[in-house]
Amino acid sequence: MNLSIHIESKSISGWGRTNYSTAKIYTPKDIEQIKNLIDQKINPLISRGLGRSYGDPAQCGGGHVIDTRNLNSLHLDKNSGVLLAGAGAKFSEILKYIVPRGFFLPVSPGTKNITVGGAISSDVHGKNHHCDGSFANHVLQISLIDGQGNLKILSPFDITSSEAFWATTGGMGLTGVIVEAKFKLISITSSQIKVHTKKFNELDSLMESMIENDNCHKYSVAWIDSLSKKGRGILTRGDHADSNEINYKYRKIYREPLKYDEEKTPNTPSFLPNGILNKFTVSLFNKVWFAKSRNSLESEFQSFSTFFHPLDGLKNWNRIYGNNGFIQYQFVVPDKSSFLISKILDSLKKIGAPSFLTVLKRFGKANEGHLSFPIEGWTLAVDIPAKVPGLLDTLNCLDELVVNAGGRIYLAKDSRQSSKTFKESYVRYEEWKSQKKILDPSNIFVSDLSRRLEI
Ligand SMILES: Cc1cc2nc3c(=O)[nH]c(=O)nc-3n(C[C@H](O)[C@H](O)[C@H](O)COP(=O)(O)OP(=O)(O)OC[C@H]3O[C@@H](n4cnc5c(N)ncnc54)[C@H](O)[C@@H]3O)c2cc1C
């Protein structure tokens, strides 16, 4: 093996800071070093991007983890708007590179601190799923090192590799190491988003408005006051602003319409006491947040960072949950079971689960990804301190409601669902498993998540 590879033994977790485990972390310099690791039978192993998944998919206790940070090349074909990116390239770096050149990512999750490999393996979604689907819908090609150390090119348009492509998108790193990917960007004429915000005093009217009008805007998301009686919330919708619209509004030529605004990121203090987030502080925060928002605000221009990545403004904000960490519970249910949104919020209210980050979105059609999370319907994400009494029992009951309704729990956010829940809800699991056997016959790609779910 090439000895210049950096190796370090470390205890790591996901963003939720629960389920820590220790593994040997390898930081290869290039693709050859990754192939060498596989040839040298260094396993079990799993790839890791920026560790922004909440639970345990990017760790492998007692085993090996490949840190992909050095695979960070970027090549933009301006004519076709196609980006060829290394799997370890960060969305933040990609945006810095492409926005001033008039392009934007086809799908933007709630943070830009993720990698291309992480985006593909979780098949991430954004506020535009109802219009544009998830990240994999825009990927043209993946280069993957499989379980036998072979470099494979996978494409959704090639009949010989499309099944492997769809097993890898959403496949949580378990089919191989993604080293590079080609995906389509969208064109923009400004880096601003034209935003419309509206307050609702009840969940029902908010959801009705989302059904009626979401398709009028590319992006849509609602924040819900999870502790309020009727589930009040704030609905935010947006579209990329045209540079001419901005000139018109400000009555002057906006000189740098494609400016990339680098926001300052203050750190979260590490001395915050455990339990600072409880139902009283969160209820107060939610009340203030709701009160300070205007009833209705039309056509406000916001920087794309403010609109897509508001949490990135506070570095390590996950520390506010204290040493015990937190669980993000994100599920999706089909339209016919939309009543479960308020039912599940009520169940969490009953145990006093304080969530100030409660987000509701509508999903459009599912893609071909065997383990891809989005299906047409509603998705709710709730952040809860991990040690709330009764939380795990309550979530187990909620899992049953979700599964019986034909829904599922998002693997990129999950740290606790059972193997039974996973296998009952990811109905294409057997198709995925047969691709996993072809790509990784000796089952060398293993994570704490795959062990827990008995995948
Ligand atoms: C504040 C915040 C907001 C978020 N908002 C959203 C959202 O709106 N929508 C959404 O979908 N997600 C969201 N997420 C989740 C996040 O987008 C995903 O978990 C994403 O996968 C994280 O990317 P990462 O590079 O940190 O990957 P990691 O967390 O390090 O890994 C995630 C998975 O990808 C695999 N992986 C990583 N790199 C490779 C590679 N090169 N080859 C093979 N497998 C690889 C890992 O093995 C693991 O299974 C959010 C997370 C945070 C912290």
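The values are calculated or read from the model by the stated rules, or taken from the named source; none is laboratory data. Just so it is clear, the model here is predicted, and its values are computed rather than measured. Cβ: placed from backbone, ideal geometry, glycine included. Neighbour counts: every protein chain shown. Ligands, DNA and RNA are excluded from the accessible area calculation, which covers all protein heavy atoms including side chains. Shrake-Rupley method; radii C 1.70, N 1.55, O 1.52, S 1.80 Å.
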Of the residues Arg232, Arg237, only one is open to solvent by less than 80 Å² (accessible area, probe 1.4 Å) and in contact with a His (Cβ under 6 Å, 6 or more places away or on another chain); which? Arg237
Of the residues that make up the stretch 161-183, is at least one without any contact (Cβ under 8 Å) to a residue 60 or more places away in the chain, of a type in the set (Asp, Glu) and more than 13 Å from the ligand (Cβ to nearest atom)? no
Criterion (at pLDDT 95 or above and over 22 Å from the mean Cα position of the chain (by Cα)) met by exactly one of Lys343, Lys361, Lys365: Lys343
Take the residues of the stretch 141-200 that are in a strand (DSSP E or B) and among the aromatic types (Phe, Trp, Tyr): which is farthest from Tyr248 (Cα to Cα)? Phe183
Does Leu37 fit the bill of being more than 10 Å from the ligand (Cβ to nearest atom) and among the aliphatic types (A, V, I, L, M)? yes
Taking Ala412 as meeting all but one of (1) in contact (Cβ under 8 Å) with a residue 40 or more places away in the chain; (2) assigned to a helix (DSSP H, G or I), write down the number of the exception. (2)
Of all residues in the stretch 340-385, how many are part of a helix (DSSP H, G or I), in contact (Cβ under 8 Å) with a residue 60 or more places away in the chain and under 23 Å from Lys423 (Cβ atoms)? 1
Inspect the stretch 446-454 for any residue being in contact with a strand residue (DSSP E or B) (Cβ under 6 Å, 6 or more places away or on another chain) and within 15 Å of the ligand (Cβ to nearest atom) and give the result as yes or no. yes
Name every residue in the stretch 287-339 that is farther than 30 Å from Ser191 by Cβ and either of a type in the set (Val, Ile, Thr) or in a helix (DSSP H, G or I) (or both), in order of residue number. Lys287, Ala291, Tyr321, Ile327, Val332, Val333, Asp335, Lys336, Ser337, Phe339
I'd like to know if the stretch 77-100 contains one or more residues that are open to solvent by 20 Å² or more (accessible area, probe 1.4 Å), near the ligand (Cβ under 8 Å from one of its atoms) and assigned to a loop (DSSP other than H, G, I, E, B). no
Could you figure out which of (1) over 23 Å from Ile193 (Cβ atoms); (2) touching a Ser or Thr at 6+ places or on another chain (Cβ under 8 Å); (3) among the charged types (D, E, K, R) isn't true of Lys90? (1)
Name the single residue that is farthest from the ligand (Cβ to nearest atom) among those in the stretch 130-160 being open to solvent by 60 Å² or more (accessible area, probe 1.4 Å) and among the aliphatic types (A, V, I, L, M). Ile159
Go through the stretch 250-291 residue by residue and tally those that are among the aromatic types (Phe, Trp, Tyr) and modelled with pLDDT of 75 or more. 5
Among Ser21, Ser13, Ser73, the single one that is touching a residue at least 60 places away in the same chain (Cβ under 8 Å), within 12 Å of the ligand (Cβ to nearest atom) and not basic (Lys, Arg) is Ser13
Test for Arg52: is it under 20 Å from the mean Cα position of the chain (by Cα), of a type in the set (D, E, K, R), open to solvent by 60 Å² or more (accessible area, probe 1.4 Å) and under 30 Å from Lys387 (Cβ atoms): yes
Filter the stretch 55-76 down to residues that are in contact with a Pro (Cβ under 9 Å, 6 or more places away or on another chain) and small (Gly, Ala, Ser) and give me whichever is surrounded by the most Cβ atoms within 10 Å (Cβ to Cβ). Gly63
Failed condition for Ser205, given (1) surrounded by fewer than 18 Cβ atoms within 10 Å (Cβ to Cβ); (2) in a loop (DSSP other than H, G, I, E, B); (3) small (Gly, Ala, Ser): (2)
Considering the stretch 406-440, residues that are in contact with a helix residue (DSSP H, G or I) (Cβ under 6 Å, 6 or more places away or on another chain) and open to solvent by 10 Å² or more (accessible area, probe 1.4 Å), and then whichever is farthest from the ligand (Cβ to nearest atom), we arrive at Glu424
Given the condition touching a strand residue (DSSP E or B) at 6+ places or on another chain (Cβ under 6 Å) and closer than 23 Å to Ser143 by Cα, answer yes or no: does some residue in the stretch 7-19 qualify? no
